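Down below is the structure, laid out as structure tokens.
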Amino acid sequence: EAGVVQSPRYKIIEKKQPVAFWCNPISGHNTLYWYLQNLGQGPELLIRYENEEAVDDSQLPKDRFSAERLKGVDSTLKIQPAELGDSAVYLCASSETGLTEAFFGQGTRLTVV
Amino acid sequence: QKEVEQNSGPLSVPEGAIASLNCTYSDRGSQSFFWYRQYSGKSPELIMSIYSNGDKEDGRFTAQLNKASQYVSLLIRDSQPSDSATYLCAVNVAGNTPLVFGKGTRLSVIA
């Protein structure tokens, strides 16, 4: 069975440019998470979906970040415009339910220059 | 604010020894507890889950949960250099709350 798939793996952009990340969760997983991870820190939640509904987005900087999960499957996270401080690894994870094990994709390493 | 606390380390143990990693959490109503291993430059990999008080063993790994004291631990027996990584503790209070991670403990197994 395929795991969580993320793309791209790496992205380098200039500040003020837009960027988008894509995530395909494990088939049948209703819960989808986007986390941000800085070096030496644990993953920090940006947004959580239950099916197509964003149920926890209090940590998402809504002035520049947006996300969607169409049809409750794939998800896209967008940043516009990107700032230098957005350089980090963006991780997508999915689980069957909100209480069960979450599995991570390979992550997207974003560098803003 | 729900919190998950871990000692950042590094924790250094000799090869073949038992490594003990600890995690405390703030919300007494927490229901699900997970340990992830993260190698440098890689994404977190699930290694253990535990939902009820007591011990759960899987190969060289044992997870221990004590809800009364609000801590969960991970024991790694016969530690190997390949176990050197950062270990992340994650806790979920309920199905309608997000999975919250600690900052991780860096483990170094010395050959």
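Observations
- Straight Cα distances below 26 angstrom link residue A:16 to the lysines A:62, A:78, with same-chain residues fewer than 8 positions distant left out.
- With R₀ set to 41 Å, the beta-carbon distance separating residue A:63 from residue B:70 gives a calculated FRET efficiency near 0.70.
- Two-site label geometry, residue A:73 and residue B:80: point separation in nm, points 7 Å out along Cα→Cβ: 3.8
- Taking chain B as the region of interest, the number of lysine pairs whose Cα atoms are within less than 19 Å, with members eight or more places apart or on different chains, is 4.
- Look at the dipole of chain B built from charges on Cβ: of B:16, B:105, B:59, the Cα furthest out on the positive end belongs to B:105.
- When A:73, A:19 are sorted by how many other C-beta atoms sit within 10 angstrom of their C-beta, beginning with the fewest, the order is A:73, A:19.
- 11 Å cut-off, amide nitrogen to a point 7 angstrom out along residue A:111 Cα→Cβ, residues in the range A:1-16: A:10-13
- Overall, chain B carries a charge dipole of about 200 debye about its Cα centre when +1 sits on the Cβ of Lys and Arg and -1 on the Cβ of Asp and Glu, all other atoms neutral.
- Summing charges over all other residues whose Cβ lies under 14 Å from the Cβ of residue B:49, with Lys and Arg as +1 and Asp and Glu as -1, gives -4.
- Taking θ as phi - 60° and the Karplus parameters 6.51, -1.76 and 1.60, the scalar couplings of the range B:50-57 work out to 8, 10, 10, 4, x, 10, 9, 10 Hz in sequence order, x denoting glycine and proline.
- Using C-alpha pairs below 8 Å separated by at least 6 residues, the relative contact order for chain A is 37 percent.
- Exposed-site-free run, longest, chain A (rule: trypsin sites (Lys or Arg not before Pro); DSSP loop; at most 12 other C-beta within 10 Å): A:63-113
Taken together, the values in this text are just the output of simple stated rules run on the coordinates, not laboratory data. Nothing here was measured: the structure is a model prediction, and the numbers come from that model. A quick note on method: Cβ atoms are made from the backbone with ideal geometry, for glycine too, and the neighbour counts reach across all protein chains shown.
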